[in-house]
Structure formats: C-alpha cells, structure tokens
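Report on the structure given below.
Readers should treat all values here as calculations from the given coordinates under stated rules, not as data from a laboratory. Computed from a prediction, not measured in an experiment: that's the story for all the values here. Counting neighbours? That spans all protein chains shown, and the Cβs are built from the backbone with ideal geometry, glycine included.
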Ligand SMILES: [Zn+2]
C-alpha cells in the first residue's frame with residue numbers, strides 16, 4: 001500500500017509545483033497569485049486545463065504557447081518536476097511515514113523552492129514569504145513530537161539572524177557596499193527556526209561550501225553580486241537528508 005502514498009505525493013507535489021510557478025512569476029511583479037487563472041505570459045490568453053498538466057504539457061508543446069508561439073520559461077516544468085521529487089525524498093527520509101516531521105519539512109521546502117527561484121531570478125527574497133516562515137517554524141516547534149523544541153528553534157532563529165545581520169554591517173563598513181541583502185537575513189532566521197541551534201551552524205557551513213564550489217565552477221568574478229538564498233535552501237536540504245551521516249563522518253575524521 002506504500003505505493004499509494006508515493007503516487008499521492010507525486011500528484012499532490014506536481015499540482016503544488018504548478019501553483020508555486022504562479023507565485024514565482026507573479027509575486028516579484030506585485031500581481032495577485034489567485035487571480036486571474038493561468039495565462040500565457042505573452043498573449044495573456046487563458047491556458048486551457050488540459051494544456052495545464054504539469055511537465056507533460058510543457059514537453060508536448062515544446063515549451064511554446066499554442067496560441068502566440070512565445071516561449072514558456074523552463075522554470076515551469078522544472079518546478080513541477082522538482083516539487084514531487086523533493087516531497088518524495090522527504091517522505092523516504094522520514095521512514096516512509098506521514099509523521100509530523102515530514103509535514104514540517106514539506107512546508108519548509110515548499111516555500112523555500114519558491115524563494116530559491118525568485119532569489120535566483122531577481123536577487124530578492126519577499127518578506128511575505130520569509131517572515132511568515134519564521135513564525136510558522138517557531139509555532140511548529142511548540143507542537144508535541146517534533147524533532148526540535150521551542151528553545152532550539154528560537155535560539156537558532158535569533159543566532160542566525162544576528163550572525164548574518166552583523167556580517168552584513170561589517171561587510172558594509174569594510175567594502176562600503178551592501179553584501180548581504182535584508183531578505184537573506186530574514187530567510188536565514190526562518191532556516192534557524194526550522195533546523196534549530198546548533199544545527200543552523202551546519203546549514204551555514206554547508207551553504208557556504210556549495211556557494212564556493214558554484215563560484216569556482218561558474219568562474220564568477222569575486223565582486224560579482226549573486227543571490228545567497230538558493231545556497232541556504234540547498235544547505236538546509238543537505239542537512240535534512242544527510243546531516244546525521246555527514247556529522248558522523250566528520251566526527252570519525254577527528255578521531256583518526
Ligand atoms: Zn501566448
């Protein structure tokens with residue numbers, strides 16, 4: 001019967017991914033995310049329900065609008081495919097059960113996937129996403145049977161916020177330019193509220209390592225501005241899926 005759970009997660013994930021795409025394309029423009037229904041970004045014609053099947057429609061139409069022929073951005077099929085895959089991996093990581101921790105991380109990575117793409121495309125993390133995420137993270141820690149309690153969640157959020165805020169102030173003093181965006185500071189506080197203290201340190205190190213690898217691989221210049229939010233999302237994902245194994249490996253290295 002476990003297969004029913006997998007199918008349910010994939011269908012729900014793809015449908016949610018479809019909605020996340022609407023948020024990703026409309027929120028930075030200040031448009032409503034509920035009205036009007038899905039439209040072509042080029043000709044503004046309404047997309048018919050049978051042409052709105054996640055991933056499949058985009059592939060069948062070869063990434064173009066059937067009415068005006070304009071290109072439909074690749075983030076649409078990507079988010080529609082990524083959302084069910086992330087949910088499936090979280091489900092497997094929680095031992096294929098719908099336990100409260102699975103729900104907690106599904107909420108976190110649902111919102112974080114939206115943040116990942118908005119920050120990548122526009123270098124901004126909207127407050128309407130990051131601030132509620134901080135509050136939800138703190139509230140979830142008050143529930144029974146969660147992986148971390150309120151004290152850990154609160155100190156994780158406070159530590160991460162103060163650390164990044166301090167780093168931003170310092171960077172501004174030294175380089176006379178804004179290094180970290182204000183959005184990053186609120187999002188790292190949300191990460192802290194979900195992973196707790198001291199685990200938020202793990203996420204910060206993991207995010208920094210992934211960012212450095214990305215920098216080197218893409219041959220970016222040192223002074224080139226880039227979004228840090230996506231690396232925090234990846235860092236948190238590494239923590240949730242492999243945090244324990246990595247920590248054990250690290251402790252093993254130290255005791256050699
Ligand atoms: Zn069109």
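A few comments on the model shown:
- Kirkwood Rh in Å, taken over segment 183-256 so that all alpha-carbon pairs contribute: 13.2 Å
- You can think of it this way: the chain between residue 10 and residue 29 has 3.9 nm of extra reach, that is 0.36 nm per residue less the Cα-Cα gap.
- Inter-site label distance for residue 225 and residue 52 at 7 Å from Cα along Cβ, in nm: 3.5 nm
- When the helices of the chain are scored as -39500 (n - 2.57) per DSSP H run of n ≥ 4 and the total is divided over every residue, the value at 222 nm lands at -23000 deg cm²/dmol.
- Whether segment 117-256 is rounded, prolate or oblate, judged on the alpha carbon gyration tensor where a/c under 1.5 counts as rounded: oblate
- For segment 1-99, dividing the convex hull volume of the Cα atoms by the residue count gives 113 Å³ per residue.
- You can think of it this way: the chain between residue 143 and residue 155 has 2.6 nm of extra reach, that is 0.36 nm per residue less the Cα-Cα gap.
- Among 118, 24, 33, the largest mean-square fluctuation in a Gaussian network model of the chain (Cα springs under 10 Å) belongs to 33.
- If R0 is 30 Å, the Cβ-Cβ spacing of residue 107 and residue 205 corresponds to a FRET efficiency of close to 0.80.
- Inter-probe distance in nm under a simple model that places probes 7 Å from Cα toward Cβ, at residue 92 and residue 128: 3.5 nm
- Per residue, the average separation of C-alpha pairs within less than 8 Å and at least 6 apart gives the chain a relative contact order of 17 percent.
- Using a cutoff of 8 angstrom between alpha carbon atoms and counting only pairs six or more residues apart, the relative contact order for segment 85-229 works out to 26 percent.
- Taking the centroid of alpha carbons for each part, segment 242-256 and segment 1-50 are 40 Å apart.
- Stretching residue 62 away from residue 173 to a fully extended chain increases their span by 35.0 nm, per 0.36 nm per residue minus the current alpha-carbon distance.
- Rounded if a/c under 1.5, otherwise prolate or oblate - segment 214-256, Cα gyration tensor axes: oblate
- Likely footprinting exposure, 232, 8, fewest C-beta neighbours within 10 Å first: 8, 232
- Zone of residue 81's modelled label, taken as backbone nitrogen in segment 38-60 under 20 Å from a point 7 Å along Cα→Cβ: 51-60
- Cα gyration tensor, the chain - rounded (a/c under 1.5), prolate or oblate: oblate
- Distance from segment 98-140 to segment 147-161 (C-alpha centre basis), Å: 16 Å
- Mean separation of Cα contacts under 8 Å, 6 or more apart, over the residue count of segment 1-98: relative contact order %: 39 percent
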